[in-house]
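Notes to accompany the following structure.
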Amino acid sequence: MGLRPNLLTRRTAGVATSTLALLLSTAAVGVVPAASAFSAAPTGAACAEPADAHTAARVAKGGKAKHDPNELTAKQVREREADFAAAQRERAAFRTEAVAPLATVTIPVVVHVIQENSTRAGGNIPDSLITQQISVLNQSYAGSTGGAATAFAFQLSKINRVTNTSWYPIVQGSSAERSMKTSLRQGGKNTLNIYLGELSDGLLGWATFPKRTLDKMDGVVVLAESLPGGTAANYNQGDTGTHEVGHWLNLYHTFQGGCSGSGDSVSDTPAEASPAYQCPTGRDTCSTSGKDPINNFMDYTYDTCMNQFTTGQASRMLTAWNTYRAA
Ligand SMILES: [Zn+2]
């Protein structure tokens, strides 16, 4: 499939970016979630991982969630960028011909379908939605929906169906989420684990950013009915998956940092002051650098509105892959 039908709305929610209570952060050892993104951020340790905030890419209309868990503070971004730069230097110092950086990457995908029971309402979505989601990922990351081509392709390697009422719905930041991922996660740092189900607080999804060391929390959580052909009105063309995988590949939101500073750390995504919702016309919230990137997969607009990554985002993702996820 190629073109996205012009439906109406997609992402909604009055989102307060300052709400940090739900942000999970993981200390350097990557084990214990802390209540505050600030308190657990490692400070001086040489090999400290940056704060590991989850990404809640999307909040469904009418949802109770106040923000996307992948909205980071300026401090978290500084820590992540410092680690990214340091990790790149270290990789360059040790790189040999045998571990030359990759130019193209095919990512194996393991999909875990978390079900409450065998009904559709209980999470039992058909395989066809999953294969269509993989197609949407491939189209989005190939640039065939209108954006830059990235280095990434996706190959479904397994669908793992799990009926477990204690994991349903999937509650962001909960001990049940940790239990689920610890039990189910498969593969190495290069393996994309996607968890599908009903989600807490009306969220559409969240993801982990790459880290130097593999941890069982690594992966992407997506509302099952946001898959192409699902029932999540305005959010059922698969772009929640595309957005969350963007975080998993080290992208921030396009509105990260607002109008000032380095924003989302990508030079060709115009700055924007705040998330865009639905599909606004002519939105331009910063005095610099052009109109808001409402069509970018890393904003909050409707699935029908978002269709592209930029060349800069593609470059950042590939560098991150070779820094953090390549073997
Ligand atoms: Zn997000």
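What are the residues in the stretch 198-224 that are within 14 Å of the ligand (Cβ to nearest atom) and either surrounded by fewer than 20 Cβ atoms within 10 Å (Cβ to Cβ) or assigned to a loop (DSSP other than H, G, I, E, B) (or both), if any? Step through it out loud before you land on a result.
Within the stretch 198-224, the subset within 14 Å of the ligand (Cβ to nearest atom) is 199, 203-209, 220-223.
T208, F209, listed by residue number.
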Just to be sure, is G241 within 16 Å of the ligand (Cβ to nearest atom), within 17 Å of M298 (Cα to Cα) and over 17 Å from the mean Cα position of the chain (by Cα)?
no
Out of curiosity, is K189 under 29 Å from Q88 (Cα atoms), away from the ligand (no atom under 16 Å from the Cβ), in a loop (DSSP other than H, G, I, E, B) and not polar (S, T, N, Q)?
yes
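May I ask you to list the residues in the stretch 131-141 that are of a type in the set (V, I, T) and open to solvent by 50 Å² or more (accessible area, probe 1.4 Å)? Break it down into steps so the answer makes sense when it comes.
Within the stretch 131-141, the subset of a type in the set (V, I, T) is 131, 134, 136.
Scanning the stretch 131-141 gives a single hit, T131.
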With the structure loaded, tell me whether S144 is of a type in the set (G, A, S), in contact with a strand residue (DSSP E or B) (Cβ under 8 Å, 6 or more places away or on another chain) and open to solvent by 60 Å² or more (accessible area, probe 1.4 Å) or whether it fails that test.
no
Residues in the stretch 162-170: is at least one touching a residue at least 60 places away in the same chain (Cβ under 8 Å) and either among the small types (G, A, S) or crowded, with 16+ Cβ neighbours inside 10 Å (or both)?
no
What number goes with the only condition from (1) surrounded by fewer than 20 Cβ atoms within 10 Å (Cβ to Cβ); (2) more than 14 Å from the ligand (Cβ to nearest atom) that N236 does not pass?
(1)
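Restricting to the stretch 270-302, name every residue that is farther than 20 Å from G205 by Cα and crowded, with 23+ Cβ neighbours inside 10 Å. Spell out the reasoning first.
If we filter the stretch 270-302 for residues that are farther than 20 Å from G205 by Cα, which is where we start, we get 270-273, 280-293.
Hits for the stretch 270-302 are A271, E272, D292, P293.
The values are calculated or read from the model by the stated rules, or taken from the named source; none is laboratory data. If you're wondering where the values come from, they're calculated on a predicted model, not measured in any experiment. Neighbour counts are summed over all protein chains in view; Cβ atoms, including those assigned to glycine, are modelled from backbone coordinates with ideal geometry. Areas reflect the complete protein model, heavy atoms only, side chains present, ligands, DNA and RNA absent. Shrake-Rupley method; radii C 1.70, N 1.55, O 1.52, S 1.80 Å.
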